[in-house]
Structure formats: structure tokens, C-alpha cells
């Protein structure tokens with residue numbers, strides 16, 4: 001087990017996820033929601049719980065992130081809501 005924990009926010013952008021996958025060999029990432037809002041600060045943290053605290057909301061595996069990127073399965077952030085794009089395949 002690695003001692004260099006990498007967390008991912010419940011709402012992260014594609015660039016942050018791609019960088020996380022390129023710079024780590026971890027197979028699973030804790031998903032964390034920050035206090036008060038999902039949208040403040042950067043999407044990926046190294047080390048301990050993010051500054052200001054956070055709440056564990058789940059776990060996502062490396063192959064799940066890769067699959068989501070391959071099928072372009074993400075939403076566009078508009079205000080404080082996310083509109084889901086439909087898969088074209």
C-alpha cells in the first residue's frame with residue numbers, strides 16, 4: 001500500500017484527471033467532497049485531506065477513470081449545476 005495518497009474531488013476537470021493518471025501508478029483514488037461546496041479549489045490533491053477538510057464520498061478505480069475519458073463521459077459545469085452529456089455510442 002502506498003503512503004503517498006492521492007485524492008480526487010467529486011467534481012474535477014479532465015486536465016486534472018489526465019495529469020493524475022500520468023503522474024501516478026495508483027489503482028484506486030478516494031473521492032472527496034470539500035466543505036460547503038464541490039467547486040472550490042483544484043480538483044486533485046496529494047498527501048493528506050485537503051486544506052479546510054473534506055468528506056469521503058467514495059472510491060474510483062483507475063480503469064473507471066480511463067473508461068470515462070475514452071468515452072468522453074463528462075458534464076459541463078454551468079453555475080453550480082452539471083449538465084450531463086449523452087454518450088454518442
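Each reported figure results from applying straightforward, stated rules to the coordinates on display, with no laboratory input. Since this is a predicted model, take the numbers as computed values, not measurements. Using ideal geometry, Cβ is built from the backbone for each residue, glycine included, and neighbour counts are taken over all protein chains shown.
Values for this structure:
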{"read-out": "FRET efficiency, 1/(1 + (r/R0)^6) with R0 22 Å, evaluated for residue 55 and residue 27 via beta carbons", "value": "0.45"}
{"read-out": "Highest average packing first - 11-24, 54-67, Cβ atoms within 10 Å", "value": "11-24, 54-67"}
